[in-house]
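A short write-up of the structure that comes next.
The values are calculated or read from the model by the stated rules, or taken from the named source; none is laboratory data. All values derive from a computational prediction rather than experimental measurement. FYI the Cβ positions are ideal-geometry reconstructions off the backbone, even for glycines, and counts take in every protein chain you see.
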């Protein structure tokens, strides 16, 4: 089996994501790019922007499908099922920029209090998932670009999960992951 370089893998994932959206919107019937390396299990996020503004972002935090299946599924979902936006149209697709993030396996963080949790977060490096009962949310490491301070990042993540930012972290389960990302 040939091993793709990081650059080749990124180009393949970006092409597969764009092609999946184009096929779904009926603007292309080209086959989805494929390689044996994409048959491994993997978790991906696909982020779409238009003129620098977020246009859709959906992904998986756990590897439950092949990378090939996951990136195609999440690309279509980001374009059509992100409830914050109307679905991407065929005429809009040429203006959409695609970003694919390939996630590492999440690792649970152990902490005794919120101050310890905040010290364990690595700005610009960690993606963070939190869970509290039926509430959950995640931010990719890219979100650190807008929310640079760990306190600000954690509070925004709690809000995204539907929690009060003043809720003690003692009641939370937190895991971190890293990503390899590629952007068109």
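Looking only at segment 53-77, residues that are farther than 15 Å from residue 183 by Cβ and in a strand (DSSP E or B) come to 3 in all.
Tell me, yes or no, whether segment 116-129 has at least one residue that is out of contact with any helix residue (DSSP H, G or I) (no Cβ under 9 Å at 6 or more places or on another chain), outside the structural domain of residue 70 (by TED's automatic domain parsing), crowded, with 16+ Cβ neighbours inside 10 Å and under 26 Å from residue 42 (Cα atoms). No, segment 116-129 has no match at all. Is it the case that some residue within segment 56-73 is more than 26 Å from residue 31 (Cβ to Cβ) and either crowded, with 18+ Cβ neighbours inside 10 Å or outside the structural domain of residue 164 (by TED's automatic domain parsing) (or both)? Yes: segment 56-73 contains one or more residues that are more than 26 Å from residue 31 (Cβ to Cβ) and either crowded, with 18+ Cβ neighbours inside 10 Å or outside the structural domain of residue 164 (by TED's automatic domain parsing) (or both). Can you name every residue in segment 164-183 that is surrounded by 15 or more Cβ atoms within 10 Å (Cβ to Cβ) and at pLDDT 95 or above? Hits for segment 164-183 are 174, 175, 176, 177, 178, 179, 181, 182.
Which residues, taken from segment 55-74, are more than 14 Å from residue 15 (Cα to Cα) and without any contact (Cβ under 8 Å) to a residue 12 or more places away in the chain? Matches in segment 55-74: none. Of the candidates 145, 99, the single residue that is under 29 Å from residue 21 (Cα atoms) and surrounded by fewer than 13 Cβ atoms within 10 Å (Cβ to Cβ) is 145.
Can you confirm whether residue 140 is surrounded by 13 or more Cβ atoms within 10 Å (Cβ to Cβ) and farther than 16 Å from residue 62 by Cβ? Against the criterion (surrounded by 13 or more Cβ atoms within 10 Å (Cβ to Cβ) and farther than 16 Å from residue 62 by Cβ), residue 140 does not qualify. Residues in segment 17-52 that are within 16 Å of the chain's Cα centre (by Cα) and either without any contact (Cβ under 8 Å) to a residue 60 or more places away in the chain or in a helix (DSSP H, G or I) (or both) were compared, and the one that is surrounded by the most Cβ atoms within 10 Å (Cβ to Cβ) is 46. Considering each residue of segment 100-115 in turn, at least one proves to be modelled with pLDDT of 95 or more, in contact with a helix residue (DSSP H, G or I) (Cβ under 8 Å, 6 or more places away or on another chain) and closer than 16 Å to residue 49 by Cβ.
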